[in-house]
Amino acid sequence: MDKLKMIGGKPLQGEVLIAGAKNAALPILCACLLSKDPIELRNVPDLQDVRTMLKLLKNMGVQVSFPDPENRTHLILSAASITSFEATYDIVKTMRASILVLGPLLARLGKATVSLPGGCAIGARPVDQHIKGLKAMGAAMKIKGGNIEAKAERLQGASILTDMITVTGTENLLMAATLAKGTTTLENAAREPEVSDLAELLVKMGAKITGIGSDKLVIEGVDALHGAEHSVIPDRIEAGTFLCAVAAAGGDVLVKHCRPDTLDAVLVKLREVGLDVETGPDWIRAKMQGRPKAVNFRTSEYPAFPTDMQAQLMSVNAIAQGSSTITETIFENRFMHVQELNRLGADIAIEGNTAIAQGVEALSGATVMATDLRASASLVIAGLAAQGETIVDRIYHLDRGYDRMEQKLTQLGANIERVK
Ligand code: EPU
């Protein structure tokens, strides 16, 4: 199993290019199931979750080609003939986002069997809202043998108000509604930029959607969708992760190919920390000198502070001047990194859904274990700021969602290497 070994204490200098957003690419890949025509995608990040999704789609009969074999970010998907309607447990258990095939398969082909995802490292994560919404659209849904079995002659437009804001739930129902008969309204819809990016692709495919970017999406179903070309939105979480690395390790970094307008809440907090931030249309320049200042924050749905940045900013707070409270409101168990940060010398306690961090002057390197994707990123950030050698074990979690993170950090002058 691969590990990352790093020696901390070196400020980061230089430029880093941000890849396409994982959480936009995954639903966008599934959207190819909605049409017989090819979908051409650019800026697809080359990472493990994307490879897993492509494997799932290929198993269903989707043809995947790379026009330039050297460039894994540009691909063409064709779902002209679908031979399987199933996402089995062996794939779903490695990637919960597999649930995103449910809406498109049901809408275009009238049937789907998707293994029910179990709990995961960050919480229970049920998919009841996906099921409830599809039922409201007329699908027959039953749970059998650990699978969701869904059938529908043709989905019907419906008014759906989800009990909570759900990102993949909104995406599944949005995709399903594009081919339903009649109009669907999705209220309490997620407003994450990744949802809007998916909606933009669907519109290019001929879908009729209004309210993109708002919490009310109105979709007028059409009989068929056609091919389209699309470039995936830059990954705001990858950009935010590098910014936190600069805030923790110090330095001067130009983050390129990003969308600062999708990072407002993160930039507000990083400025409070003391990061000197300058932004352009698609870049962020971040400079940091000295020790960060502790900041309180609370995760919430977009446009508020993202849960996917909670662990990384906690690492900055771990070495900040002062104490801070960090409240996680989206997932019930997303503090697995706290014990590992404490192994590096941090002083963080958990009370319910709040972590209380007393900033320490310095962390000291140790061997720590990654427990999920963003927890891994927080440990890398802490390791870059710590004195001495840190080894982050189980980095397959990191590889699921970051495209060559250690290479990008090496280019910024960090002393980091992958060891087999
Ligand atoms: N929820 C339900 N029932 C549902 C759906 C959601 O109770 O049917 C609950 C969840 O358990 C959670 C909350 O609602 O407490 C929000 O979950 P949501 O459905 O929004 O999360 P998700 O769609 O499964 C996506 C991202 C996550 C990100 C969350 C929140 C993808 C593929 N995943 O997950 O990304 O943390 O939204 O923004 O888009 C990551 O990239 O590291 C990651 C975990």
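The values are calculated or read from the model by the stated rules, or taken from the named source; none is laboratory data. This structure is a prediction, so every number in the text was calculated from the model and none was measured. Note: ideal-geometry Cβ built from the backbone for every residue, glycine included; neighbour counts use all protein chains shown. SASA here: full protein model, heavy atoms, side chains in, ligands and nucleic acids out. Shrake-Rupley method; radii C 1.70, N 1.55, O 1.52, S 1.80 Å.
Being among the acidic types (Asp, Glu) and surrounded by 15 or more Cβ atoms within 10 Å (Cβ to Cβ) is the filter here; which residues of the range 321-352 pass it?
Across the range 321-352, the qualifying residues are GLU328, GLU340.
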Query - The listed residue being among the acidic types (Asp, Glu) and crowded, with 24+ Cβ neighbours inside 10 Å, out of GLU200, GLU194, GLU220 - result: GLU194
Report summary line: Checked THR185, THR162 against criteria (without any contact (Cβ under 8 Å) to a residue 40 or more places away in the chain, surrounded by 16 or more Cβ atoms within 10 Å (Cβ to Cβ) and touching a Ser or Thr at 6+ places or on another chain (Cβ under 7 Å)); the one match is THR185
Requested in this report: Within the range 56-72, track down each residue that is β-branched (Val, Ile, Thr) and assigned to a helix (DSSP H, G or I).
Outcome: none
Query raised in the report: Any chance the range 338-351 includes a residue that's in contact (Cβ under 8 Å) with a residue 60 or more places away in the chain, not in a helix (DSSP H, G or I) and not hydroxyl-bearing (Ser, Thr, Tyr)?
Result: no
Report summary line: Sole miss for GLY240 among (1) under 30 Å from GLY388 (Cα atoms); (2) without any contact (Cβ under 8 Å) to a residue 60 or more places away in the chain is condition (2)
Report task. Report, ordered by the first and then the second residue, all pairs with beta carbons closer than 6 Å, sequence separation of six or more or different chains, a first member in the range 7-34 that is more than 10 Å from the ligand (Cβ to nearest atom), and a second member that is in a strand (DSSP E or B) and open to solvent by 30 Å² or more (accessible area, probe 1.4 Å). Result -> ILE7/GLU389; ILE7/ASN415; GLY9/GLN387; LYS10/ASN415; GLN13/ASP252; GLU15/LEU254; GLU15/LYS256; LEU17/LYS256
Query raised in the report: Of all residues in the range 255-283, how many are within 24 Å of ALA318 (Cα to Cα) and outside any helix (DSSP H, G or I)?
Result: 6
Report summary line: Of the listed residues (ARG298, ARG285), the one being within 16 Å of the ligand (Cβ to nearest atom) and open to solvent by 10 Å² or more (accessible area, probe 1.4 Å) is ARG298
Report task. Those residues that are open to solvent by less than 10 Å² (accessible area, probe 1.4 Å) and outside any helix (DSSP H, G or I), I need them from the range 363-385; list them, please. Result -> LEU363, VAL368, ALA370
Report task. Please state which one of GLY274, GLY240 is under 29 Å from ILE381 (Cα atoms) and within 20 Å of the chain's Cα centre (by Cα). Result -> GLY240
Report task. Kindly list, by first and then second residue, each pair from a residue in the range 127-144 that is farther than 24 Å from MET95 by Cα and in contact (Cβ under 8 Å) with a residue 24 or more places away in the chain to a residue that is within 13 Å of the ligand (Cβ to nearest atom) and outside any helix (DSSP H, G or I), limited to pairs with Cβ atoms under 6 Å and residues at least 6 apart or on different chains. Result -> ALA136/ILE160
Query raised in the report: Only one residue in LEU155, LEU173, LEU134 is more than 12 Å from the ligand (Cβ to nearest atom) and of a type in the set (A, V, I, L, M, F, W, C). Which one?
Result: LEU155
Query raised in the report: How do the pairs read when you match residues in the range 402-420 that are assigned to a strand (DSSP E or B) with residues anywhere that are open to solvent by 90 Å² or more (accessible area, probe 1.4 Å), using Cβ under 7 Å and keeping only pairs 6 or more apart or on different chains?
Result: ASN415/LYS10
Query raised in the report: Tell me, which residue of the range 321-341 that is closer than 19 Å to ALA247 by Cα and polar (S, T, N, Q) is farthest from the chain's Cα centre (by Cα)?
Result: GLN321
Query raised in the report: If LYS58 satisfies every condition in (1) surrounded by fewer than 14 Cβ atoms within 10 Å (Cβ to Cβ); (2) farther than 26 Å from THR113 by Cβ; (3) charged (D, E, K, R) but one, which is the exception?
Result: (2)
Query raised in the report: Can you name the residue in the range 80-97 that is of a type outside the set (A, V, I, L, M, F, W, C) and within 16 Å of the ligand (Cβ to nearest atom) and, of all such residues, is surrounded by the fewest Cβ atoms within 10 Å (Cβ to Cβ)?
Result: LYS93
Query - Among the candidates ALA140, ALA136, ALA121, residue that is open to solvent by 10 Å² or more (accessible area, probe 1.4 Å) and at pLDDT below 95 - result: ALA121
Report task. Determine if the range 40-55 includes at least one residue that is within 16 Å of the ligand (Cβ to nearest atom), touching a residue at least 60 places away in the same chain (Cβ under 8 Å), aliphatic (A, V, I, L, M) and part of a helix (DSSP H, G or I). Result -> no
Query raised in the report: Which pairs have Cβ atoms under 6 Å, sit 6 or more apart or on different chains, and link a residue in the range 165-181 that is closer than 12 Å to LEU198 by Cβ to one that is near the ligand (Cβ under 10 Å from one of its atoms) and charged (D, E, K, R)?
Result: VAL167/GLU192
Report summary line: Flagged in the range 331-368 as closer than 23 Å to LYS10 by Cα and within 16 Å of the ligand (Cβ to nearest atom), in numbering order, are HIS337
Query raised in the report: Right, ALA177: open to solvent by 10 Å² or more (accessible area, probe 1.4 Å) and at pLDDT 95 or above or not?
Result: no
Query raised in the report: Considering LEU100, LEU77, which residue is surrounded by 17 or more Cβ atoms within 10 Å (Cβ to Cβ), farther than 17 Å from ILE148 by Cα and in contact with a Ser or Thr (Cβ under 9 Å, 6 or more places away or on another chain)?
Result: LEU77
